[in-house]
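Right, I'll just put the structure down here and ask away after.
Bear in mind that the values in this text are calculations on the coordinates, not laboratory data. Just so it is clear, the structure is predicted and the values come from calculations on it, not from any experiment. Please note: Cβ atoms are built from the backbone with ideal geometry, for glycine as well, and neighbour counts cover all protein chains shown.
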Amino acid sequence: MMKLLYTTRSPYARKVRIFALEKNIDLDLVPEDLTAKSENLLKNNPAGKVPALILENGQALADSAVICEYLEYLKPEPRLIPTDPEKRFQILHLDAVAKGMTDVTVSIFYEQFLHKDNVNKPFLESRKKIIHDCLSFFESRLPQIEELHAASINLACGIGYLEFRFADFGFRQQFPELMTWYDKFIQHPSLKKTAPVE
Ligand SMILES: N[C@@H](CCC(=O)N[C@@H](CS)C(=O)NCC(=O)O)C(=O)O
């Protein structure tokens, strides 16, 4: 069976787990400790990040987008990355914005984790503004994220991570329509099963 190196908190690993659940692909989930990275992780992904997938022949795949692309290739149905070029690049664009928002959220977590007593306030404020702008972008595109696809999954993972770490940012109040979408979207069994836990 393929092995997925992951953490239960990682929004990127969560996207991969949701893809696998939707496609009924069994993965052997191997937990990683990112404060003491295993040799296995560093050997398979020298960038030291989860998720990393190890195929049955030993080949490693790093990065959630690459792994999801592989799972889509392995089992095309249900389609989560459209093939029709117009739809495909629309979704991939939304997917990239969702990933950008998650990257920014994760960078805030690291800043707070590393500089607890001396956080860079202007950095945090500029990062929060990016998150705000991304959420606003998606709130004005609700029809495009109605269905289950790479971008809607990625966005739900990003918002899930935001709620998990920074529920006090106030985005629930600022984006009620998007959060109504989110609360409904996370009822999908694959999302319920992968909610972040410490
Ligand atoms: N672009 C990567 C990002 C993966 C990533 O940043 N993962 C975080 C956990 S949420 C990580 O492994 N961080 C460890 C580190 O950067 O040292 C992906 O999409 O898989």
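For LYS37 and LYS129, what does the FRET efficiency come to when R0 = 30 Å and r is the distance between their Cβ atoms, rounded to the nearest 0.05?
Values: r = 32 Å, r/R0 = 1.06.
The value I calculate is 0.40.
Given 0.36 nm per residue, what is the gain on full extension from ARG79 to ALA195 after removing their alpha carbon distance, in nm?
Gain on stretching ARG79 to ALA195: 39.5 nm.
Label points 7 Å out from Cα along the Cβ direction at LYS121 and ASN24: separation in nm?
Placing both labels 7 Å along Cα→Cβ, they lie 5.6 nm apart.
Could you pull the Cα extents of the chain along its three principal axes, largest to smallest, in whole Å?
Here the Cα extents, ordered largest to smallest, are 46, 42, 27 Å.
What does the charge count near LEU41 come to, summing +1 for each Lys or Arg and -1 for each Asp or Glu among other residues with Cβ under 14 Å from its Cβ? Write out the running numbers ahead of the final one.
Values: positive: LYS3, LYS37, LYS43, LYS49; negative: GLU32, ASP33, GLU39, ASP63.
My count for the surroundings of LEU41 gives 0.
Another one. Return the long-range amide H neighbours of VAL30 (sequence gap of 5 or more, or a different chain), with a cut-off of under 5 Å between placed amide H atoms.
Excluding prolines and chain starts, which carry no amide H, the hits are LEU4, LEU5, TYR6.
Which entries of LYS3/LYS43; LYS15/LYS193; LYS3/LYS87; LYS43/LYS193 have Cα-Cα distances beyond 21 Å here?
Numbers: LYS3/LYS43 14 Å; LYS15/LYS193 12 Å; LYS3/LYS87 31 Å; LYS43/LYS193 29 Å.
Those over the limit are LYS3/LYS87; LYS43/LYS193.
For the ranges 116-122, 51-57, 151-157, what's the packing order if you count other beta-carbon atoms within 10 Å of each residue, average per peptide, and put the highest first?
Top of the packing list down: 151-157, 51-57, 116-122.
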